[in-house]
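Reading through the structure tokens given below for one structure.
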Amino acid sequence: MPDRAKPTNPRAVALIRAAFVYSIELVVVLAAAAAAFLLRFDFSIPPLYVPVLGTALLVWIPVKLASFRFLGLDRRWARYASMSDLMRIAASNLIGSFVALILILIFQVPVPRSIFVIDLLLCVTMTAGLRVTVRLMSDLAKPRTGGPDTTRRTIIYGAGNAGASLLRDIEQHPGVNYSIVCFVDDNAHKQGLILQGKNVLGTGADLSWIAKQQNADLILVAVPSASGVQMRRMLEHCNAAGVPYKTIPGVAELMEGGLAGQIRDVAVEDLLGRTPVNLEHARITETLRGQVVLVTGAAGSIGSEICRQIAKFEPRMIVGFDIAESPLFYLEQELARTISGVRFVAEIGSIQNAARLRETFEMYAPSTVYHAAAYKHVPLMEQHIFEAIENNVFGTLNVVQTAREFGVREFVMISSDKAVRPANIMGATKRIAELVVRSLPPEDGKYVSVRFGNVLGSNGSVVPIFKDQIARGGPVTVTHPEMSRYFMTIPEACQLVLQASTMGQGGEIFVLDMGEPVKIVDLARNLILLSGFRPDHDIRIEFTGVRPGEKLTEELSLLEEGLVDTHHSKIRVFAGITPLWEDLGPQLAELRRSCNEKVRGSLIERVRTIVPEYKPSSELMVTAEQPIMSETSGDNS
């Protein structure tokens, strides 16, 4: 039987490595000390100073080796030496030389003072030089996969910290088949500079001829801190160059690992220029850890992301409540696959069914509720105003009243910027829902609303519609050239919702910082560019006219509500007069009566009584007295 290889003993390997490192360091200390004496005495050490050198070494050797050990140089991998390693080398040598100087003065060893300085400089140079040499040899010895046919000649757009890190990371990963040929950067002061051996050849405006001159196959955009405007300008330069391009994620997306592994296509979210969300994790964890959390509308784009975000804060259970069967099933499967230690329960039901809500609350006894269930498509709700009222108003009333009945302490309703001076029935229903939440506070706890604008990628947003139109060759339809909306990403919106839930005393309407409004036509042009086409040349943009209930611009606050800053830079609060349930309750009863009677004119007047600032569209007013045909119900996710 052949001999089996004995398993490696990690402790023995560590001891061998330490002995090797200490041997090298000992040689360095000896060589530096001897060279310092030789330089001091012009390479001819007087016989009188030979025993002085021996005595000095008896001090220097243990002191310097102890200093190296104290700052962990023996545990630093020379193959990956960095600037921090070089600083540690300098610090350890300085400490060692200083301690040795004190001891030699105490023992009155007649070492000339200049020798200490010479020895310090030599020892720093030799210890640092060894590590740099090892790294250089390691880098030169690394195999590169792929040949001329597979390596892509690449330009890095951005000669800053991210660009330098990306270049270094690419060169350290032989499996990444990018050959960096040069940099471009829009900063005029960087033109002509050499960054890690690569020239900064020009700005983004020069990208076309640079890409042609360098025979570039790819452009990597490495400016993670770019604003939306800057990113759009860089995108235009890349498209003008006619070369494929990719980017690296922003700081909020970067995880452990190299930048090279995070290179991806430019996404429409990059064009918003949103800064990372700074969450108070301790406060959110304190609210959610070990709790049962119920999310209505859990199968929708916002509700499902809220479930994913909540799972990070270790709740005992997440109850997903929705009438949309298939999306809820897929969410259940996803969370079972991606989260551990948190139980997710899918419950089918409609918020319009108070009895089903009561069953669910009684079964799970949630302490926190995130209410995201709503009908939200503006044109569709203009055609189905009764269903909009039943779901968004009375469905919310059902959830709030059931939450109060079962002692829910934390209640957060997802509202909309369309609730501000509403011009459509969807916005008016969300405004009434806000009033319901404010007028029914619990005895012990806080019920709040969080208002924000459009989120990219949500169900029914313009982005998937535009992508589908582009895929079919156009045209891309935009209602009006001046139409603008506030946009943010789904994860950012949901993270800020969780943050807002930890704030306030109850009854507040929190408003998320949506940044600057984005013109829909600009969003369409950017999506066409991202798809590799030229707006108005390859893909035509067509204006179709403003639809019933739409406003050219959206607002996030009512002037009379009173804007108040919070301690979080991205969350503000409106704390106006809290409506009394004694007043609102009878108004809702009249609204329900009009809803049951299916009289549009009466319903609209009841809504305007509750929300005086509501301005119904002229198209809706024309149909107010027409006979009712039928209103088809959809889901309320």
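The values are calculated or read from the model by the stated rules, or taken from the named source; none is laboratory data. These figures come from a predicted structure and were not determined experimentally. Cβ placement follows ideal geometry from the backbone for every residue including glycine, while neighbour counts extend to all protein chains displayed. All accessible areas refer to the heavy atoms of the entire protein, side chains included, with ligands and DNA or RNA removed. Shrake-Rupley method; radii C 1.70, N 1.55, O 1.52, S 1.80 Å.
Per the conditions (1) in contact with a helix residue (DSSP H, G or I) (Cβ under 6 Å, 6 or more places away or on another chain); (2) at pLDDT 90 or above, the sole criterion not satisfied by Ala365 is (1).
Any chance you could count how many residues in region 1-28 are modelled with pLDDT under 85 and in a helix (DSSP H, G or I)? Break it down stepwise before answering.
Applying the first criterion (modelled with pLDDT under 85) to region 1-28 yields 1-26, 28.
Imposing the further condition that a residue be in a helix (DSSP H, G or I) reduces the set to 10-26, 28.
Adding up the residues that qualify gives 18.
Filter region 607-624 down to the residues that are charged (D, E, K, R) and part of a helix (DSSP H, G or I), then identify the one that is modelled with the highest pLDDT. The residue in question is Arg608.
The residues listed here are Val99, Val109, Val134; of these, the one that is β-branched (Val, Ile, Thr) and modelled with pLDDT under 75 is Val134. Residue-level analysis places Tyr178 outside the set of residues that are among the aromatic types (Phe, Trp, Tyr) and at pLDDT 85 or above. Under the condition of being at pLDDT 80 or above and either under 30 Å from Leu288 (Cα atoms) or buried (at least 17 other Cβ atoms within 10 Å of the Cβ) (or both), the residues counted in region 457-473 number 3.
Among the residues of region 327-355, just one is exposed (fewer than 14 other Cβ atoms within 10 Å of the Cβ), within 20 Å of Ala365 (Cα to Cα) and of a type in the set (A, V, I, L, M, F, W, C), namely Ala355. Taking the criterion of being in a strand (DSSP E or B) and acidic (Asp, Glu), the only residue of region 369-416 that qualifies is Glu410. Among the conditions (1) in a loop (DSSP other than H, G, I, E, B); (2) farther than 13 Å from Val293 by Cα, Arg358 misses just one, which is (1). Considering region 280-299, the residues that are in contact (Cβ under 8 Å) with a residue 24 or more places away in the chain and part of a helix (DSSP H, G or I) include one that is nearest to the chain's Cα centre (by Cα), namely His281. Filtering region 593-605 for residues that are farther than 21 Å from Gln383 by Cβ, without any contact (Cβ under 8 Å) to a residue 40 or more places away in the chain and out of contact with any Lys or Arg (no Cβ under 8 Å at 6 or more places or on another chain) leaves a non-empty set. Please work out if Gly242 is within 23 Å of Pro535 (Cβ to Cβ) and either buried (at least 21 other Cβ atoms within 10 Å of the Cβ) or touching a residue at least 12 places away in the same chain (Cβ under 8 Å) (or both). The answer is yes for Gly242.
Put simply, of Arg404, Arg431 the only residue that is at pLDDT 90 or above and surrounded by fewer than 19 Cβ atoms within 10 Å (Cβ to Cβ) is Arg404. How do the pairs read when you match residues in region 170-198 that are under 21 Å from Leu235 (Cα atoms) with residues anywhere that are of a type in the set (Val, Ile, Thr) and at pLDDT below 85, using Cβ under 6 Å and keeping only pairs 6 or more apart or on different chains? Final answer for the pair search is Tyr178/Ile170.
For region 300-326, the candidate set comprises residues that are in a loop (DSSP other than H, G, I, E, B), open to solvent by 20 Å² or more (accessible area, probe 1.4 Å) and touching a strand residue (DSSP E or B) at 6+ places or on another chain (Cβ under 8 Å); within that set, the residue that is modelled with the lowest pLDDT is Arg316.
Thr275 meets the stated requirement of being at pLDDT below 90 and β-branched (Val, Ile, Thr). Only residues that are open to solvent by less than 40 Å² (accessible area, probe 1.4 Å) and either hydroxyl-bearing (Ser, Thr, Tyr) or part of a helix (DSSP H, G or I) (or both) were counted in region 214-236, giving 4. The set of residues from region 22-48 being open to solvent by 60 Å² or more (accessible area, probe 1.4 Å), in contact (Cβ under 8 Å) with a residue 40 or more places away in the chain and more than 54 Å from the chain's Cα centre (by Cα) comprises Leu39, Arg40.
The set of residues from region 31-49 being assigned to a loop (DSSP other than H, G, I, E, B) and not acidic (Asp, Glu) comprises Phe41, Phe43, Ser44, Ile45, Pro46.
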